[in-house]
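Single-structure report; data block below.
Nothing in this text is a laboratory measurement; each read-out follows from the coordinates by a stated rule. Note that the structure is a prediction, hence the values are computed from the model and not measured. Backbone-built Cβ (ideal geometry, glycine too); neighbour counts: all protein chains shown.
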Amino acid sequence: MKKRVLSLILGIMLVFSGCENKDTDMKNNTYEKISMSEGIERMAADEDFILLDVRRADEFAAGHIPGAVNLPNEKIGTEEIASLPDKNQTIYIYCRSGNRSKQAADKLLALGYTSLIEFGGILDYSGELEYGD
């Protein structure tokens with residue numbers, strides 16, 4: 001009887017310790033999702049980041065958040081990205097409505113980028129825009 005209870009306790013401990021490791025791994029393999037307004041606030045307080053617009057080049061030229069660089073979601077694949085050499089640098093990602101930015105964040109995560117913040121679409125942005133390339 002004592003062996004059964006001990007075995008049961010050990011089994012439960014192993015299950016919970018296995019779950020804890022999986023949760024930790026899952027947290028390391030994700031990106032942060034925040035609102036546009038929170039993204040703007042955080043960028044104002046942040047010093048070293050990239051603001052990444054993942055819309056098409058024509059959409060970017062028609063108006064983008066000041067300081068953004070353009071890398072269309074469709075061009076993010078499985079190869080290294082020369083314009084994003086530091087995989088540990090914070091990257092704020094947006095698109096038009098929030099769909100492509102989520103796709104881009106998933107792709108960048110798969111490429112090994114570690115500090116990704118997806119903050120939706122420019123449709124929710126109310127500040128001044130820059131135009132052109």
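Mind giving me the FRET efficiency for ASP124 and ALA57? R0 is 22 Å, r the Cβ-Cβ distance, nearest 0.05 is fine.
Working: r = 21 Å, r/R0 = 0.98.
FRET efficiency, ASP124 to ALA57: 0.55.
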Label point at GLU79 placed 7 Å out along Cα→Cβ; residues across region 47-73 whose backbone nitrogen lies under 15 Å:
72
GLU32-TYR131 pseudo-label distance in nm [points 7 Å out on the Cα-to-Cβ vector]:
3.4
Just want the answer: with Cβ charges of +1 for Lys and Arg and -1 for Asp and Glu, which residue in CYS95, LEU111, ILE122 is farthest toward the dipole's positive end in region 87-133?
LEU111
Shape call, region 39-126: gyration tensor on alpha carbons, a/c limit 1.5
oblate
Rounded to the nearest 0.05, FRET efficiency between ASN99 and ASP48 (Cβ-Cβ, R0 30 Å) equals 0.60
